[in-house]
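To keep things clear, I will list the structure first and then write my remarks on it.
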Amino acid sequence: MHKHRTVPKLLSGLFALERRLPRHHEKYKFITEELYNTRAGYSGELEYDRYMKEVQTDFPHAVLHDLSLHHEGVYFQIDSLFITPDSIFISEIKNRADRIIVTANPTQFLQVNNKGESQLFRSPIAEVERKVQFLRKWLGRRNVNIPVKGIIVFAYNNQMQIEGEPRLPIYTSYEAPTFFRSLKPEKKIIEKRDISRIAIELARSHREYNPYPLVTHYKIQPHTLKKGVFCSTCTVPSIMIWTARRWECRLCGKRESDSHMAGIEEWFMLMPHKLTNQAFCEFTGIKDRHTAKRLLARSKLKQQGIGRGSYYELIP
Ligand SMILES: [Zn+2]
């Protein structure tokens, strides 16, 4: 394993955004759906990774999960990669519930729910073929010439019905390990040490997709978000008050000194402006700018500028 999957920035940001968006907000429904889909996508990918842990082969191989690569001004995102001595496989992981019917000639993907209602969805084959082209060019630029292939994986072990022969292999997460185990690399285009070298180079070139600040990403007016520092213990959003040098939750009584740290993290996920002393006061509900200054000073941030115009940045 050369690269693990980590919680996507988009998902962490959406959790924060959903909590700060008032229920009556015009984008509330859309954001809750985004959160639901992003969370489902991520858990489907983790499910796939769990199955892939079992894969052992008698040929050298490398596995990399979740890569965002850049080539000639275009970013492309790969759910999972499997490198063997004679080819590289891109797995495109799909999160769809229900039964899936795939037909070749013409290629169609159909989702059928338990009421028998069916819905066509966009073929993931074209999507993965585009990524295959990209990766081929990316590797070519580094003088690695090896066939790149794609496979489609349905994450939730859906009931599948495949008619005809689609252009790419289609499996469920459960079947994917068997597919990779049964590969029989015919020639050694790359040696074991090359596999490792390519995997390291790919992992090093990964640039995590950064959608922050989310209010800009989703075209939401920053002032429409709820302000305040939330209690981390209460399950319903409860705003904490700064009193007697501590944050205090009026709901559960929890007291702690560094609750604002989570608020600062959320600021950088959501807000488009600079974090000044005044902005910090407005966002957290702190009334005294000297208290704010003290809290900001011990928040592991980098202060830029001096006096009234100074602001704080995350240390990269
Ligand atoms: Zn509480």
Out of curiosity, is LYS293 in a strand (DSSP E or B) and free of Cβ contacts under 8 Å to residues at least 24 places away in the same chain?
no
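In this structure, is ILE31 within 24 Å of LYS131 (Cα to Cα), outside any loop (DSSP other than H, G, I, E, B) and hydrophobic (A, V, I, L, M, F, W, C)? Spell out the reasoning first.
Working: within 24 Å of LYS131 (Cα to Cα): no; outside any loop (DSSP other than H, G, I, E, B): yes; hydrophobic (A, V, I, L, M, F, W, C): yes.
Here the answer is no, as ILE31 does not meet what is asked.
Among the candidates SER205, SER238, single out the residue that is surrounded by 13 or more Cβ atoms within 10 Å (Cβ to Cβ), polar (S, T, N, Q) and under 30 Å from LYS149 (Cβ atoms).
Being surrounded by 13 or more Cβ atoms within 10 Å (Cβ to Cβ), polar (S, T, N, Q) and under 30 Å from LYS149 (Cβ atoms) holds for just one of SER205, SER238, which is SER205.
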How many of the residues making up the range 184-202 are closer than 19 Å to HIS65 by Cα and buried (at least 16 other Cβ atoms within 10 Å of the Cβ)?
5
For the range 297-306, does any single residue satisfy the condition of being charged (D, E, K, R) and at positive phi?
yes
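Given the options ARG298, ARG255, ARG289, ARG250, name the one that is more than 30 Å from ASN210 (Cβ to Cβ) and more than 16 Å from the ligand (Cβ to nearest atom).
Numbers: ARG298 fails: more than 30 Å from ASN210 (Cβ to Cβ); ARG255 fails: more than 16 Å from the ligand (Cβ to nearest atom); ARG250 fails: more than 16 Å from the ligand (Cβ to nearest atom).
Within the list ARG298, ARG255, ARG289, ARG250, the selection yields ARG289.
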Can PHE268 be described as within 28 Å of the chain's Cα centre (by Cα) and either more than 15 Å from the ligand (Cβ to nearest atom) or under 19 Å from ILE315 (Cβ atoms) (or both)?
yes
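Restricting attention to the range 117-150, and to residues there that are part of a strand (DSSP E or B) and small (Gly, Ala, Ser), which single residue is surrounded by the most Cβ atoms within 10 Å (Cβ to Cβ)? Reasoning before the result, please.
Taking the range 117-150 and keeping what is part of a strand (DSSP E or B), we get 118-121, 148-150.
From what's left, small (Gly, Ala, Ser): 118, 150.
Numbers: SER118: 12, GLY150: 22.
The qualifying residue surrounded by the most Cβ atoms within 10 Å (Cβ to Cβ) is GLY150.
Each row is one residue, and each column tells you yes or no for (1) touching a residue at least 40 places away in the same chain (Cβ under 8 Å); (2) within 29 Å of GLU26 (Cα to Cα); (3) in the same structural domain as PRO272 (by TED's automatic domain parsing); (4) within 28 Å of the chain's Cα centre (by Cα).
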{"site": "ILE198", "(1), (2), (3), (4)": "yes, no, no, yes"}
{"site": "ASN210", "(1), (2), (3), (4)": "yes, yes, no, yes"}
{"site": "THR216", "(1), (2), (3), (4)": "yes, yes, no, yes"}
{"site": "CYS234", "(1), (2), (3), (4)": "no, yes, yes, yes"}
{"site": "THR243", "(1), (2), (3), (4)": "no, no, yes, no"}
{"site": "CYS252", "(1), (2), (3), (4)": "no, no, yes, no"}
I'm checking my understanding of the structure. Among residues of the range 81-116 that are without any contact (Cβ under 8 Å) to a residue 40 or more places away in the chain and surrounded by 12 or more Cβ atoms within 10 Å (Cβ to Cβ), which one is farthest from GLU165 (Cα to Cα)?
VAL112
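The values are calculated or read from the model by the stated rules, or taken from the named source; none is laboratory data. This is a predicted model, so every value here is computed, not measured. As a convention, Cβ positions derive from the backbone with ideal geometry for all residues, glycine included, and neighbour counts pool all protein chains shown.
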